[in-house]
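To start, the structure under review is shown below, and the notes come after it.
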Amino acid sequence: MVWRRLFHRQPNDEQRPAAQPDERTLPPHLKEQLKQRPRRTGDAADLRRRLAALRKRRTDALYDIEQGELALEDDNPWKQRIELLGETLETVEADYAEAEEVEPGPYHPLPETPIEDMRVAIENDVATVSFRVGDEPFAYEEPLDWAERGHQIARTELRRTAGDPSTVVPDNVPDELRDELHSHLENSLFVLATVLRDATLDEEPVPEKVTLADLARPCSTCGGWMDVRGRCQHCARRKLRLQELFRERDRLLSERAAEIEEQHRMAERLPLARRRLNDVEAEIAQIEEQLAAADQDAR
């Protein structure tokens, strides 16, 4: 049958040798030249790419050696920066110690003038606060650009729409304190309006008896003026100054530690950089010899 012939070994199959690729594609004189020609590890373009990469590595190693030797010198850039950072750190620490000392805040007593007609009106979710200090009426309103987020209204800061804080500054206040007291009363009146609004919205008790003196009670820490919430702007500025100095001190300490670590690291890498340079130089010399041989063969 025909299909049996597909699996039937021909008599001469075992005697016929397999053809080699070189024997089929190359003539005899080229095969002889191929046997006598030394095998190359790579073509010229590949060697030049490797040589360029090695030269870059040599430049990097030379830079590390230069930096390592510089780090071992008595006078080096790292030491100069460390000393400069140390001097700046001493100044910051001195300023911090000075800021920790509580200086007396500005103060002048105010009369017990009652604050009357305190009202809070909520219309269309917009709050309006009003009260009267002596004969001066004050009014504060929320801007109309409030936002509703989810099921809660994001309240905005109140804006004063009526009243002049300068009218409630007593005449007997020294001239050098009038500007500071005016600034304090402007803020403390705003805080009072905010307290009245928030208490109304939260359905909490609203202060019934408030006087002008309550807007500027003496601080227990520095003796300066406090608002109706018991916050002293003079102490707040001192605490803010301490926070700034503390962050600056931490920054300087971190930078100084980084400079010290960098100097030690460059010095410790010096022996390794020298060994790396020797290895790279040897590879460069070897590839340059191979390139010279390749160019000679090309001629």
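The values are calculated or read from the model by the stated rules, or taken from the named source; none is laboratory data. Note that this is a predicted model, so its numbers are computed, not measured. Positions of Cβ are generated from backbone atoms using ideal geometry, with glycine treated the same way; all protein chains shown enter the neighbour counts. The protein model used for the area step is the full one, side chains on, heavy atoms only, and it has no ligands, DNA or RNA in it. Shrake-Rupley method; radii C 1.70, N 1.55, O 1.52, S 1.80 Å.
For the range 89-109, the set of residues classified as within 17 Å of GLY223 (Cβ to Cβ) and touching an Asp or Glu at 6+ places or on another chain (Cβ under 7 Å) consists of PRO106 only.
Within the range 164-179, if we keep just the residues that are touching a helix residue (DSSP H, G or I) at 6+ places or on another chain (Cβ under 9 Å) and not in a loop (DSSP other than H, G, I, E, B), the residue that is surrounded by the most Cβ atoms within 10 Å (Cβ to Cβ) turns out to be VAL168. Checking the conditions here, which among LEU215, LEU201 is in contact with a helix residue (DSSP H, G or I) (Cβ under 9 Å, 6 or more places away or on another chain), at negative phi and not basic (Lys, Arg)? Among LEU215, LEU201, only LEU215 is in contact with a helix residue (DSSP H, G or I) (Cβ under 9 Å, 6 or more places away or on another chain), at negative phi and not basic (Lys, Arg). Among the residues making up the range 262-280, those that are charged (D, E, K, R) and either open to solvent by 60 Å² or more (accessible area, probe 1.4 Å) or at pLDDT below 95 (or both) are ARG265, GLU268, ARG269, ARG274, ARG275, ARG276, ASP279.
Once the range 107-132 is narrowed to residues that are of a type in the set (Gly, Ala, Ser) and touching a residue at least 24 places away in the same chain (Cβ under 8 Å), the residue that is surrounded by the most Cβ atoms within 10 Å (Cβ to Cβ) is ALA127. Remark: pairs (first residue in the range 284-299, of a type in the set (A, V, I, L, M); second residue modelled with pLDDT under 85 and part of a helix (DSSP H, G or I); Cβ separation under 7 Å; 6+ apart in sequence or on different chains) = LEU291/ALA44; ALA294/ALA44. Residue selection: THR161 fails the criterion of being among the β-branched types (Val, Ile, Thr), free of Cβ contacts under 8 Å to residues at least 60 places away in the same chain and outside any strand (DSSP E or B). The criterion of at least 3 residues that are modelled with pLDDT under 55 and of a type outside the set (Val, Ile, Thr) is met, among helices (runs of 4 or more DSSP H) falling completely within the range 1-85, by 2-6, 21-25, 28-36. The set of residues from the range 183-239 being closer than 12 Å to TYR107 by Cα, over 36 Å from the mean Cα position of the chain (by Cα), of a type in the set (A, V, I, L, M, F, W, C) and open to solvent by 20 Å² or more (accessible area, probe 1.4 Å) is empty.
In the set GLU283, GLU289, GLU259, only one residue is surrounded by 15 or more Cβ atoms within 10 Å (Cβ to Cβ) and either outside any helix (DSSP H, G or I) or out of contact with any Leu (no Cβ under 6 Å at 6 or more places or on another chain) (or both); that residue is GLU259.
A count restricted to the range 242-252 and to residues that are surrounded by fewer than 16 Cβ atoms within 10 Å (Cβ to Cβ) and either closer than 15 Å to ALA94 by Cα or over 21 Å from the mean Cα position of the chain (by Cα) (or both) stands at 6. Set side by side, the residues LEU51, LEU89, LEU62, LEU70 differ, and just one is more than 28 Å from PRO205 (Cα to Cα), touching a Lys or Arg at 6+ places or on another chain (Cβ under 9 Å) and open to solvent by less than 100 Å² (accessible area, probe 1.4 Å), which is LEU89.
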